[in-house]
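The values are calculated or read from the model by the stated rules, or taken from the named source; none is laboratory data. It should be emphasised that the depicted structure is a prediction, and the values quoted were computed from it without experimental measurement. Every residue, glycine as well, gets a Cβ built from its backbone with ideal geometry; the counts of neighbours run over all protein chains shown. Areas reflect the complete protein model, heavy atoms only, side chains present, ligands, DNA and RNA absent. Shrake-Rupley method; radii C 1.70, N 1.55, O 1.52, S 1.80 Å.
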Amino acid sequence: IYMQLHYRTMAEYMAEIFPGRVQKIAVNASLGCPNRDGTIGTGGCIYCNNASFNPAYANLSKESITKQLEKGVSFFSKKGTPFGYLPYFQSYSNTYGDSETLIELYEEALSFPNVVGLVIATRPDCLSDSLIEYFAERFGNRTQTKHPYLLVEIGVESTSDTTLRYINRGHTYECAVSAINTLYNIGVSVGAHLILGLPGESRDMMLNHATHISELPISTLKLHQLQIIKNTPLAKMYQDNKDVAHLFTPTEYAELVADFIRLLRKDIALDRFVSETPPGLLLAPSWGIKPQQFSVMVNELL
């Protein structure tokens with residue numbers, strides 16, 4: 001029974017691509033977001049405080065990508081020397097901006113010693129034709145030579161347009177579907193990101209996300225529980241009305257994730273179940289358990 005319910009891990013997925021362990025190193029390219037600068041909206045998504053996504057060595061850094069990678073390699077050196085490194089463009093929307101500038105940043109990262117590819121996190125509405133062309137020729141099915149690995153992580157967050165409007169996401173689910181299909185069709189690996197527990201979503205709605213997302217050609221998936229982060233519109237809403245969203249207990253969330261996995265397509269690699277926000281930025285809920293401990297809870301349920 002356990003094997004029937006077992007999920008594919010990110011380590012298993014990466015082991016099929018690389019002959020040894022790879023280490024992701026988050027970098028902050030100081031890029032913006034169209035949902036903040038007025039291009040499509042202001043204020044951003046109601047739950048978002050970008051400071052909560054940055055590790056210490058890349059926190060709001062104005063240093064070059066190379067310098068951040070040097071610090072990241074030093075930070076992770078205690079884990080031993082990996083087969084290679086994957087610079088992770090994580091903060092804000094990492095395909096947003098002038099294509100020429102973006103490509104220079106990507107190429108700087110690719111030129112760093114022992115870098116074997118990139119992971120780029122972004123919104124589905126920030127993929128220009130020129131960038132898609134670059135991805136196809138540098139990483140995808142139009143390259144003529146052995147090429148670096150690329151995983152583009154698309155922030156889907158919810159498959160419900162009602163929810164996406166409520167959280168001020170600024171795009172529809174169909175926009176995410178289109179972006180994922182476009183990337184897949186040029187030969188680029190695609191990951192998706194979902195938040196479970198968004199305001200107004202029932203348990204059945206959240207489980208429906210598993211069914212819908214399984215229909216898309218994604219290779220990886222990140223899940224995380226809704227957290228109320230300080231200095232966000234959602235924090236203000238929560239302080240005014242604690243019932244604005246149901247915040248899971250660890251047990252409740254583990255049961256939801258286990259049921260979610262049972263509905264998910266089995267070849268999708270699960271990159272994570274939970275998000276860790278620095279205590280100084282977290283308003284609620286405070287669980288006091290590590291992601292590894294949470295994974296054990298899910299595995300026991302499965």
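Each residue of the stretch 184-199 is assigned a 3J(HN,Hα), and the resulting list reads 4, 5, 9, x, 9, 5, 10, x, 10, 10, 10, 10, 9, x, 4, x Hz, derived from the Karplus form 6.51 cos²θ - 1.76 cosθ + 1.60 (θ = phi - 60°), x at Gly and Pro.
How would you classify the stretch 134-267 from its alpha-carbon gyration tensor, with a ≥ b ≥ c the square roots of the eigenvalues: rounded for a/c under 1.5, else prolate if a/b is greater than b/c, otherwise oblate?
prolate
What is the gain in length, in nm to one decimal, between residue 101 and residue 212 on full extension, counting 0.36 nm per residue of separation less the C-alpha to C-alpha distance? Here the answer is 36.5 nm. Counting only cysteine Cβ atoms and a cutoff under 4.7 Å, the chain contains unmatched residues 33, 126, 175.
How large a share of the accessible area of the stretch 190-302, in percent, is made up of carbon and sulfur atoms when the probe is 1.4 Å and the other protein chains stay in place? Whole-percent figure for carbon plus sulfur exposure: 52. Taking a ≥ b ≥ c as the square roots of the Cα gyration tensor eigenvalues, the stretch 26-181 comes out oblate, since a/c reaches at least 1.5 and a/b does not exceed b/c. For a paramagnetic label modelled on residue 161 (point 7 Å from Cα along Cα→Cβ), amide N atoms under 11 Å away belong, within the stretch 172-210, to 172-175. Please give the Cα centre distance for the stretch 231-290 versus the stretch 179-220, rounded to the nearest Å. With the stretch 231-290 and the stretch 179-220 each reduced to a Cα centre, they are spaced 17 Å.
For the stretch 203-302, just say rounded, prolate or oblate: build the C-alpha gyration tensor, square-root its eigenvalues into a ≥ b ≥ c, call rounded for a/c under 1.5, and beyond that prolate if a/b exceeds b/c, oblate if not. Judged from the Cα gyration tensor, the stretch 203-302 comes out prolate (a/c at least 1.5, a/b above b/c).
Straight-line reach from residue 24: taking Cα to Cα under 16 Å and skipping same-chain neighbours fewer than 8 places apart, the lysines in range are 67, 71, 78, 79, 222. Less than 5 angstrom separates the built amide H of residue 25 from those of 86, 88, all sequence-distant by 5 or more or on a different chain. What is the magnitude of the charge dipole of the chain about its Cα centre, with +1 placed on the Cβ of each Lys and Arg, -1 on the Cβ of each Asp and Glu, and no other charges, expressed in debye to the nearest 20? Value, rounded to 20: 760 debye. Residues whose amide H lies under 5 Å from that of residue 149, counting only those 5 or more places away or on a different chain, are 117, 118; hydrogens are built 1.01 Å from N in the peptide plane.
Here's how it looks for residue 8: its modeled amide H is under 5 Å from those of 270, which are all 5 or more places away or on a different chain. Computed from the alpha carbon atoms alone, the convex hull of the chain holds 134 Å³ per residue. Here the stretch 84-170 has 47 percent of its accessible surface on carbon and sulfur atoms, given a 1.4 Å probe and all protein chains in place.
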